[in-house]
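See below for the structure under consideration.
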Amino acid sequence: MGVFNKFLSSRNANPQAEMNFLDHIEELRWHIVRSAIAVVVGAILVFIKVEWIFDNIILGPAHKDFISYRAFCALGRLLHSDAFCMDDVNMRFQNTAVTGQFMMSLSVSVMLGFIIVFPYILWELWKFIKPALKTNEVRAARGIVFWCSLLFFMGVMFAYFIVAPYTINFFGNYQLSPLFENIITIENYYDTMSNLILALGVVFELPMLVFFLSRIGILTPAFLKAKRRHAFLLLFILAMIIAPPDVFSCLLIFVPLYILFEISVKISGRAMRIRKQKQALKNNDNE
């Protein structure tokens, strides 16, 4: 509650944002309502073509002619290697609940609806937070909705076209014995796909978060460099949580995450230099 009260007081510090506690709650409620309506609209649009979407997009990595499999194999041929060509996915699907397929269509519609309107949700969140920020903090966050949306979609695309195909192909073809057949429930398959896609979409926001915190002076490149070992361990643990329990999938997620961290260190340094330059100009003007 202390943090929340501090946030409310910072909003009230703006003469145009003088509200009592209930006014803040009411404003937040309307931001949430508008975001929820946007998700519902997106979900309805997806639901209209949900059968085609499920078969061609959600189940895409389970098809042997999926674009990523063809691209990986073409890359392998350019390198004169068959290592990138993967086997056909050997799995069948089943539904074990009376309402399973209908509920799955609703889940897919809501998830994709959320992804489609994610920039709008960010915009609503930004409109609520903006009055609590100082002028220099608002300037530092210029373009934040665009860049956060771009990074989110990059994470979603990376998960869908790179991580998911390797994950589905590996587990679809893994067998303890030829006597066992991989018959996967649609719920289990969907949970694996949605967890990968949404988790990596959120994790890819790291550079933007670091840039904003560095511009307002909370983070420094020196701090990030000093905590590099801790970041290495935490990112590896995070990759193990996101990825299925195999080493290759874990590394497939960890390597880009660590690259994002190193990029974030560079971004923090650039943001810090900009902040110091503006501070120096401000001091010169005051003199």
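The values are calculated or read from the model by the stated rules, or taken from the named source; none is laboratory data. Quick caveat, the model's predicted, so the values are computed rather than measured. With ideal geometry, Cβ positions are generated from the backbone for all residues, glycine too; neighbour counts draw on all protein chains shown.
Conditions: (1) closer than 30 Å to Lys134 by Cα; (2) modelled with pLDDT under 80; (3) buried (at least 20 other Cβ atoms within 10 Å of the Cβ). Ile216 meets all but one. Number of the miss?
Just one mismatch for Ile216, condition (3).
Restrict the check to region 127-147 and report whether at least one residue is in a helix (DSSP H, G or I) and closer than 30 Å to Leu59 by Cα.
Yes, there is a match, as at least one residue in region 127-147 is in a helix (DSSP H, G or I) and closer than 30 Å to Leu59 by Cα.
Just one of Leu234, Leu176, Leu252, Leu238 is at pLDDT below 85 and out of contact with any Phe, Trp or Tyr (no Cβ under 9 Å at 6 or more places or on another chain); which is it?
Selected residue: Leu176, the only one of Leu234, Leu176, Leu252, Leu238 that is at pLDDT below 85 and out of contact with any Phe, Trp or Tyr (no Cβ under 9 Å at 6 or more places or on another chain).
As an exercise: evaluate Phe118 against (1) within 25 Å of the chain's Cα centre (by Cα); (2) surrounded by fewer than 19 Cβ atoms within 10 Å (Cβ to Cβ) and give the number of the one condition it does not meet.
(2)
What residue, among those in region 255-283 that are charged (D, E, K, R) and at pLDDT 75 or above, is nearest to the chain's Cα centre (by Cα)?
So the residue we want is Glu262.
Looking only at residues that are of a type in the set (D, E, K, R) and within 19 Å of Ser105 (Cα to Cα) in region 167-203, which one is surrounded by the most Cβ atoms within 10 Å (Cβ to Cβ)?
Filtering region 167-203 for residues that are of a type in the set (D, E, K, R) and within 19 Å of Ser105 (Cα to Cα), the one surrounded by the most Cβ atoms within 10 Å (Cβ to Cβ) comes out as Glu187.
Would you say Leu106 is crowded, with 18+ Cβ neighbours inside 10 Å, in a helix (DSSP H, G or I) and touching a residue at least 24 places away in the same chain (Cβ under 8 Å)?
Numbers: crowded, with 18+ Cβ neighbours inside 10 Å: no; in a helix (DSSP H, G or I): yes; touching a residue at least 24 places away in the same chain (Cβ under 8 Å): yes.
So Leu106 does not fit the description; no.
When Pro178 is evaluated against the numbered criteria (1) within 30 Å of Val210 (Cβ to Cβ); (2) without any contact (Cβ under 8 Å) to a residue 60 or more places away in the chain; (3) not polar (S, T, N, Q), which criterion, by number, is the only one it fails?
(1)
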